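See structure below.
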Amino acid sequence: MQVRRPRLGRVRLSTGELIDLDQSLIIGRQPSVSWVQGAVMPRLIQVASPGGDISRSHVEVRLEGWHVMLCDLKATNGTVLLREGQAPRRLAQGEMAIVFDGDIAELGNGIQLRFEELL
């Protein structure tokens, strides 16, 4: 029997939107899914990018086991991971990183994702 995944935390967008992390997310200016890992479709989150800094499908917030992963989807202008006490880190195209409570991902055009209440 498969049970629904418990919420692993939340993502707060700089737009004010608060999203429960109970499924993977694809975030971008026109997000789409090219393939599905496992049986659950990721939720698509559209963000405004008037300057075109944000790619159509920019990042994936992937839930793997009890970890929350941030995966750059080969975004043209990249993704920067901000962690307290560390220098900002630009993810390589296609790179995946575990995120921790309080981490912030900068996508461009002033759009940030803040990871909150992570287990």
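The values are calculated or read from the model by the stated rules, or taken from the named source; none is laboratory data. Since we're looking at a predicted model, the values are computed, not measured. Note that each Cβ is placed from the backbone with ideal geometry, even for glycine, and that neighbours are counted across all protein chains shown. To get the accessible areas, we keep the full protein, side chains included, count just its heavy atoms, and leave off ligands, DNA and RNA. Shrake-Rupley method; radii C 1.70, N 1.55, O 1.52, S 1.80 Å.
The table below lists the values:
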{"read-out": "Pick from region 82-104, criterion open to solvent by less than 70 Å² (accessible area, probe 1.4 Å) and touching a Phe, Trp or Tyr at 6+ places or on another chain (Cβ under 8 Å), ranking: nearest to S55 (Cα to Cα)", "value": "I104"}
{"read-out": "Residues located in region 9-37, provided they are of a type in the set (D, E, K, R) and outside any strand (DSSP E or B)", "value": "E17, D22, R29"}
{"read-out": "Residues (β-branched (V, I, T) and open to solvent by 40 Å² or more (accessible area, probe 1.4 Å)) located in region 1-32", "value": "V3, T15"}
{"read-out": "L107 being open to solvent by less than 30 Å² (accessible area, probe 1.4 Å), part of a strand (DSSP E or B) and modelled with pLDDT of 95 or more", "value": "yes"}
{"read-out": "Residues that are open to solvent by less than 10 Å² (accessible area, probe 1.4 Å) and either without any contact (Cβ under 8 Å) to a residue 24 or more places away in the chain or under 9 Å from the mean Cα position of the chain (by Cα) (or both), drawn from region 50-67", "value": "H58, V59, V61"}
{"read-out": "Which numbered condition T79 fails, given (1) open to solvent by 10 Å² or more (accessible area, probe 1.4 Å); (2) within 21 Å of D103 (Cα to Cα); (3) among the polar types (S, T, N, Q)", "value": "(1)"}
{"read-out": "Every pair of residues 6+ apart whose Cβ atoms lie under 6 Å, when the first sits in region 1-15 and is of a type in the set (A, V, I, L, M) while the second is modelled with pLDDT under 95", "value": "L8/L63; L8/L119"}
